[in-house]
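Reading through the structure tokens given below for one structure.
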Amino acid sequence: MEKQKAFLPTAPYKGTRDFYPDEMRFRNWMFSVMRKTVQSFGYEEYDGPILESFELYLAKSGEEIVQRQLYDFTDKGDRHVAIRPEMTPTLARMVAGEVRNLAKPIRWFSIPNLWRYEQPGKGRLREHWQLNVDLFGVNSYRAEVEIILIANAILENFKAPKGSYQIKVSHRGILDSFLNQTLALAPEKAHAVSKLLDKKSKISKEAFEEEIKPLLSNPEKQLTLIYKYLDTNLQTIGDLEGIDPSSVEFIRNLFSDLASLGIKDQLEFDPSIIRGFDYYTGCIFEVFDTNPENRRSLYGGGRYDNLIGLFSNEQLSGIGFGLGDVTFKNFLEGHGLVPKDLNSKTAVLIPLMDDKIFPEVLKLAEELRKEGIGVETMLEPAKLGKQIQTAEKKGYRFLIFLGESELSENKVQLKDIVSGEQSSVSRSDLISILRKSLLG
Ligand code: HAM
């Protein structure tokens, strides 16, 4: 009996995506809007290697990333390496390496692909792309003002309506003082409680209380304080005993400046914002979609004061955010913000009717390309109907027919696929007609 041939699967590795041209066009469009926005604030693009030493993450990325989500292995030279799960450690390493030479404030952005060994699900994959925007060298809350302004400008440039997202802000100083002073927890307990507060919205009240009680010395009193803390707003947070007043003042100043810049309704103080990374030291924030179908955060970020200190004696405070493509795509689709014409190419296809004129077809294509018009040519003759079908399927806007008779008259037949009109035009008019329709 003949053995059945075993084919390799065409599906990509679990939790990753193939970007076929349609998806790639979407990704490019999405990041081009973001790139333009951050460049308009003076941010410059950087990149780094996808592979880093394991130690880079061990220091400050936090337990969840290091123990559960890192893709790490030993290379052929016996080095323990990891695929980047986030960009911030690479960025800190790069900035630290050149810190004396770089003009401050440093404003940088990057769009890396990142890998985390996660259980794939809605809004969560093992590989995602993440816009990172970071600012170094400004200690006051004005850096936060700028970073949140950029986060908001990105959404505005996608024409996101004001009510479609919420920017939730807190401060590690507020959280730490609550855990250490108000609740008087020892450091390991404080850490465990903060992890549980982070998890709280994803589990039931009963499960939360069951898990937190063993960490508390006086559960009744401390739980009441925890609920009180979670219920505070920017006016009342300062009334809670033990809360660091300078952190509260920092956030109040930030909110006041942002309000005067028109960012008020979409901004909310939320003490339950924790952020999983250990490196955050100051203001922390997340941006959420208000669509209940897309509950994961769109952006996450905050201030990290001591990260450069891992590499040298220099002190340089940084603040920034990461914005992932998976949840952002869900956001754009959920709110109907993807342009309808994204999939249609605005360019030209020249069918080939006759082998003999192949060089003439290429010459015409070259003439148009030199004028900035994108042209695809058919390389083998086929029936006209089939070539028109191909042009339609590929989303072309114009077809140019070139035959012996057109050549002798120095003309072409130009067909507009959108309007269906076809006309004979001279070669000299062709370029201006196409430029006008395609390049505006
Ligand atoms: P993060 O909160 O881990 O922060 O990630 C930022 C954003 O990336 C999230 O809000 C989410 O949109 C997206 N994201 C994260 N993990 C995944 C995943 N597995 N699948 C899909 N999307 C994901 C950071 O990574 C910080 N390093 C950001 C930062 C920059 N902080 C300061 N500067």
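Laboratory data are not the source of any read-out in this text; all were calculated from the coordinates shown. Values in this document were obtained by computation on a predicted structure and should not be read as measured data. Heads up, the Cβs are rebuilt from the backbone with ideal geometry, glycines too, and the neighbour counts pull from every protein chain shown.
Rank V99, I203, I308 by how far each Cα sits towards the positive end of the charge dipole of the chain (+1 on Lys, Arg Cβ; -1 on Asp, Glu Cβ) and give me just the farthest.
Farthest towards the positive pole: I203.
Sort L402, L230 by Cβ crowding within 10 Å, fewest neighbours at the top.
Numbers: L402 23, L230 13.
By the 10 Å Cβ count, ascending, the order reads L230, L402.
Between K168, K363, K213, which gets the highest mean-square fluctuation from a Gaussian network model of the chain, Cα cutoff 10 Å?
Among K168, K363, K213, the largest mean-square fluctuation in the Gaussian network model of the chain belongs to K363.
Select from E376, E45, E156 the residue whose mean-square fluctuation is largest in a Gaussian network model of the chain (Cα-Cα springs shorter than 10 Å).
Between E376, E45, E156, it is E376 that shows the largest mean-square fluctuation.
Using only Cα atoms, tell me the angle between helix 21-39 and the longest principal axis of the chain; keep it within 0 to 90° and round to the nearest 10.
So the helix axis and the longest Cα principal axis differ by about 60 degrees.
What angle, in degrees between 0 and 90 and rounded to the nearest 10, separates the Cα long axis of helix 187-199 from the longest principal axis of the Cα atoms of the chain?
40 degrees
What are the semi-axes of the equivalent ellipsoid of the chain, taken as the square roots of 5 times the eigenvalues of the Cα gyration tensor, listed largest first and rounded to whole Å? Walk me through the intermediate numbers first.
On the way: eigenvalues 562, 128, 96 Å².
Sorted largest first and rounded, they come to 53, 25, 22 Å.
What is the order of H191, H128, H80, fewest Cβ neighbours within 10 Å to most? The partial results should precede the final answer.
Values: H191 16, H128 22, H80 12.
If I rank by nearby Cβ atoms, fewest first, I get H80, H191, H128.
Counting helices only, and only those DSSP H runs with n ≥ 4, report the 222 nm mean residue ellipticity of the chain as the sum of -39,500 (n - 2.57) divided by its residues, in deg cm²/dmol to the nearest 500.
Working: 14 runs with 154 residues, N = 440.
Dividing the helical sum by the residues of the chain leaves -10500 deg cm²/dmol.
Between 0 and 90 degrees, rounded to the nearest ten: what's the tilt of helix 325-334 against the longest Cα principal axis of the chain?
Helix 325-334 sits roughly 70 degrees off the main axis of the chain.
Neighbouring Cβ atoms within 10 Å as the yardstick, rank E127, E367, E86, E409 fewest first. Please report the intermediate quantities before stating the final value.
Details: E127 18, E367 14, E86 21, E409 11.
Ordered by Cβ neighbours within 10 Å, fewest first: E409, E367, E127, E86.
Can you pick out the pairs among K363/K394; K3/K122; K340/K436; K14/K162; K104/K264; K168/K221 whose Cα atoms lie more than 31 Å from each other? It would help to have the intermediate numbers written out before the result.
Working: K363/K394 22 Å; K3/K122 40 Å; K340/K436 21 Å; K14/K162 36 Å; K104/K264 29 Å; K168/K221 27 Å.
Check vs 31 Å cut-off fails for K3/K122; K14/K162.
Suppose we keep just the DSSP beta bridges with both residues in the chain; what percent of those would be antiparallel, to 5?
If we restrict to bridges inside the chain, about 85 percent are antiparallel.
What residue among N101, N113, N291 shows peak mean-square fluctuation when the chain is described by a Gaussian network model with Cα springs under 10 Å?
Per the Cα network of the chain with a 10 Å cutoff, N101 tops the list.
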